[in-house]
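FYI, it's all coordinate maths here, none of it is from the lab. On a predicted model such as this, the values are computed, not experimentally measured, just so you know. Methodologically, a virtual Cβ is constructed for each residue, glycine included, from the backbone with ideal geometry; neighbour enumeration extends over all protein chains shown.
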Amino acid sequence: MIPPSSLGSARAVACPSRRRVRTPGAVRRPRAMAITFCILMTLTVSAAPKQNASAVAQIRSVLRTQQEAWNRGDIDEFMNGYARSKSTTFISEDTVRRGWETVRDRYRKKYSDRAKMGVLTFSDLEITPLAPDSAVVLGRWKLERAKNRPHGRFTLIFRRLPKGWRIVLDHTSTATPAP
C-alpha cells in the first residue's frame, strides 16, 4: 500500500497529463481580458447619456416636423414621421390599423380639408429611450378648429431606422369633450 503522503507525487509520475503548467501568457490573458472589459464598460456607460440626449433631440425634431407639416396641410410630409412599413401600427377609436399606407389613407379621409385639420399642437412630451434604437413618447395633442378644439393623449413607439427615428406604433386617444 502507498502511504497517503506520497499519493500526490505518485499521481504526478503516473499521470503526467494532469500537471498544470502555467505559461507566462496564460496568467496575463485573463487579467488583460478583465481590464479590457472594464474599459469597454466604462466607455459604454459614459456614452449612454450622450446617446440618449441625441436620441431625444432627434425624436423632438421628428415631432416638430410633423406638427409643422400638419399645420401647412401637408399630410404626406406629416406621414414621413412614421416608418414606411406594413407593420407600422396606429390604434384609435377602438380600431387597430396596420401599414403605413393604411394610416396615411385614414388621415387623408378623416382630415380631407384644412378646416378639418385645424392647427395641431403637441405638448407635455415625455421621451424615454428604451434602448439605443428604440424609445417611447407620451404626450398631448390638440387641434384648434373654427367649430371645436378636440384634444387627447398619445403613446408612440419610435425606432431608429436607416432613415432616422420613425414611429412604428401610435396609440392615440381623444378626450371626452367638455359639456
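General remarks:
- With a cut-off of 11 Å between beta carbons, the residues surrounding G99 carry a summed charge of +4, where Lys and Arg count +1 and Asp and Glu -1.
- Relative contact order of segment 53-179, defined on C-alpha pairs under 8 angstrom at six or more residues apart (%): 23
- Taking 18 Å as the limit for the C-alpha separation, the pairs K116/K142; K142/K163; K116/K147 exceed it in the case of K142/K163.
- Residue by residue, segment 141-150 carries 3J(HN,Hα) couplings of 10, 8, 10, 9, 10, 4, 9, 7, 9, x Hz when phi is fed to the Karplus relation 6.51 cos²θ - 1.76 cosθ + 1.60 (θ = phi - 60°); x denotes Gly or Pro.
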